[in-house]
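A single structure is presented below for examination.
The values are calculated or read from the model by the stated rules, or taken from the named source; none is laboratory data. Here the structure is a predicted model, which means the values were calculated and not measured. Cβ coordinates were reconstructed from backbone atoms using ideal geometry, including for glycine residues, and neighbour counts include every protein chain displayed. Each accessible area value is taken on the protein alone, full model and side chains, heavy atoms only, with ligands, DNA and RNA left out. Shrake-Rupley method; radii C 1.70, N 1.55, O 1.52, S 1.80 Å.
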Amino acid sequence: MTIWYLTDLVGISVFAISGALSALSKKMYHDLIGVFFIGFLTAIGGGTVRDVIMNAHPIAWIRDPNYLIVIISSVIIAVFCRKWWLGALKRPLLIFDTIGVGIYTILGMQKALTAGVNDWAAILLGVISALFGGVIRDTMVNDLPIIFDRQLYVTPCLTGAILYQLGRSLDINSTLNLLLSAGVITLFRLLAIRNNWSLPRIQN
């Protein structure tokens with residue numbers, strides 16, 4: 001069981017919790033199947049889009065039952081701990097989403113690089129892996145996807161992705177490079193949320 005595989009499962013879990021919490025924040029307490037599917041689609045959405053673009057088959061969650069086990073377990077945890085998470089943690093959805101984005105940007109890049117794509121395409125596929133699950137989640141709960149809001153969302157992903165490529169060129173240990181790059185994305189995104197950073201608005 002490699003560090004990449006474990007990281008993949010952690011990312012899947014975090015995104016599943018993010019999706020379930022998003023559904024629960026919309027008071028979907030009486031539609032647990034709906035909560036599960038939103039958590040499921042949030043967890044596998046970005047990775048599935050990436051694999052379809054790369055024509056990588058079979059897609060990971062179809063081949064490996066551990067993905068579904070992790071998703072189901074994570075949704076159950078989100079449901080049973082919802083009062084604590086939604087009460088004790090400040091903006092828990094954004095926290096889980098941010099952690100998932102950090103992990104999945106780098107993980108998606110590494111999967112793309114392993115498949116033999118060029119470095120720039122790998123950066124874009126890493127961003128797609130990180131963001132599309134959240135787009136699906138927000139659309140399903142009738143929210144404006146965060147990627148289309150003024151919040152810095154894509155910028156932290158691109159920053160971490162470029163840092164990861166730089167680390168590879170400098171032959172930094174792959175595990176250390178993963179942790180540093182994903183950490184930079186997560187920290188950058190959290191600081192952007194805390195300080196309300198945004199890119200300049202395009203003027204009419």
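Given the residues VAL154, VAL75, which is the only one that is open to solvent by 40 Å² or more (accessible area, probe 1.4 Å) and within 17 Å of the chain's Cα centre (by Cα)? It would help to see each step written out before you state the result.
Numbers: VAL75 fails: open to solvent by 40 Å² or more (accessible area, probe 1.4 Å).
Within the list VAL154, VAL75, the selection yields VAL154.
A further question follows. Among the residues of segment 103-123, is there at least one that is open to solvent by 40 Å² or more (accessible area, probe 1.4 Å), of a type in the set (Gly, Ala, Ser), farther than 17 Å from ILE44 by Cα and over 12 Å from the mean Cα position of the chain (by Cα)?
Within segment 103-123, one or more residues are open to solvent by 40 Å² or more (accessible area, probe 1.4 Å), of a type in the set (Gly, Ala, Ser), farther than 17 Å from ILE44 by Cα and over 12 Å from the mean Cα position of the chain (by Cα).
Filter segment 16-50 down to residues that are open to solvent by 80 Å² or more (accessible area, probe 1.4 Å) and more than 19 Å from LYS83 (Cβ to Cβ), then give me how many there are. Break it down stepwise before answering.
So in segment 16-50, the residues open to solvent by 80 Å² or more (accessible area, probe 1.4 Å) come out as 26-27, 29-30, 32-33, 37.
In the following step, the residues that additionally are more than 19 Å from LYS83 (Cβ to Cβ) were identified as 33, 37.
Final tally of qualifying residues: 2.
Say whether the condition of being closer than 21 Å to VAL135 by Cβ, hydroxyl-bearing (Ser, Thr, Tyr) and touching a residue at least 60 places away in the same chain (Cβ under 8 Å) is met by at least one residue in segment 23-33.
The answer is yes, given that some residue of segment 23-33 is closer than 21 Å to VAL135 by Cβ, hydroxyl-bearing (Ser, Thr, Tyr) and touching a residue at least 60 places away in the same chain (Cβ under 8 Å).
State yes or no: is ILE53 assigned to a helix (DSSP H, G or I), at pLDDT 90 or above and either open to solvent by 20 Å² or more (accessible area, probe 1.4 Å) or of a type in the set (Asp, Glu) (or both)? Talk me through it step by step, then tell me what you get.
Values: assigned to a helix (DSSP H, G or I): yes; at pLDDT 90 or above: yes; either open to solvent by 20 Å² or more (accessible area, probe 1.4 Å) or of a type in the set (Asp, Glu) (or both): yes.
In short, yes.
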